[in-house]
Amino acid sequence: MAIVAPILVLLLIGIVEVARIATTQFIIEHAVQETVRLGITGATDSQLVSRAQGVASTLDPASLTVTITPSGSRTSGQDLTVKISYPYHVMLLSRYLGTQLQLSAQLTARVE
């Protein structure tokens, strides 16, 4: 029993950590989809960054990196690419080893 309990605790922590990573990735993917949807209608870069931060409001907005290509004004028929990156700190490892994952999502769509 003394050997099984620590193994079960580590397994439970691993399951929780994988669920947190998957949830964070889903939030980032949803934010990039909503940001591109707004961007293809002619929104400015600052509006796109605000949309990404608003959709991903459960994440730290200071750590959220939004890359918009091309930046500035876009013309109809031009491709718009939005990439959102977020550093995810692994619960146990980042405290002791400074380990983090870089989660990101990217989407390209044609400007209307």
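A short reminder: the numbers here are calculations on the coordinates, not readings from a lab. It should be emphasised that the depicted structure is a prediction, and the values quoted were computed from it without experimental measurement. Every residue, glycine among them, receives a Cβ derived from its backbone with ideal geometry; neighbour counts consider all protein chains shown.
By count of other Cβ within 10 Å, fewest leading, how are Val55, Val16, Val111 ordered?
The order, fewest Cβ neighbours first, is Val16, Val111, Val55.
No solvent, one uniform scatterer per C-alpha: report log10 I(q)/I(0) for the chain via the Debye equation at q = 0.19 1/Å, two decimals.
Debye intensities relative to I(0), on a log10 scale: -0.91.
Which whole-Hz ³J(HN,Hα) couplings does region 60-77 yield from phi under the Karplus relation 6.51 cos²θ - 1.76 cosθ + 1.60, θ = phi - 60°, glycine and proline marked x?
Running phi through 6.51 cos²θ - 1.76 cosθ + 1.60 with θ = phi - 60° gives 6, x, 5, 8, 7, 10, 10, 10, 10, 10, x, 7, x, 7, 10, 10, 4, x Hz.
Relative to the longest principal axis of the C-alpha atoms of the chain, give the angle of the C-alpha long axis of helix 45-55, reported between 0 and 90° and rounded to the nearest 10°.
Roughly 30 degrees, rounded to the nearest 10.
When Val36, Val4 are ordered from fewest to most other Cβ atoms inside 10 Å of their Cβ, what list results?
On the way: Val36 20, Val4 8.
Neighbour counts put them in this order, fewest first: Val4, Val36.
How big is D, in µm² s⁻¹, for region 26-74 by Stokes-Einstein at 4 °C and 1.567 mPa s if Rh is the Kirkwood radius over C-alpha pairs?
My calculation gives 120 µm²/s for D.
If we count other beta carbons within 10 Å of each Cβ, what is the order of Leu64, Leu101, Leu8, fewest first? Let's see the in-between values first.
Values: Leu64 19, Leu101 15, Leu8 10.
The most exposed by this proxy come first: Leu8, Leu101, Leu64.
Taking a quarter of the surface of the convex hull around the Cα atoms of region 1-58, what do you get in nm²?
Working: hull surface 16.7 nm².
Over every viewing direction, the Cα hull of region 1-58 projects on average to 4.2 nm².
With r as the distance between the Cβ atoms of Ile13 and Asp60 and R0 = 22 Å, compute the FRET efficiency 1/(1 + (r/R0)^6) and round to 0.05.
After rounding, the FRET efficiency stands at 0.50.
Enumerate by residue number the chymotrypsin sites (Phe, Trp or Tyr not before Pro) in region 19-100 meeting two conditions: DSSP loop (anything except H, G, I, E, B), and at most 16 other Cβ atoms within 10 Å of the site's Cβ.
Taking region 19-100 and a limit of 16 other Cβ atoms within 10 Å, no loop chymotrypsin sites (Phe, Trp or Tyr not before Pro) are found.
Under the definition of Cα pairs under 8 Å and six or more residues apart, what whole-number percent is the relative contact order of the chain?
Averaging sequence separation for qualifying contacts and normalising by length gives 29 percent for the chain.
Nearest 10 degrees, 0 to 90: what angle lies between the long axis of helix 4-39 and the longest principal axis of the chain (Cα atoms)?
0
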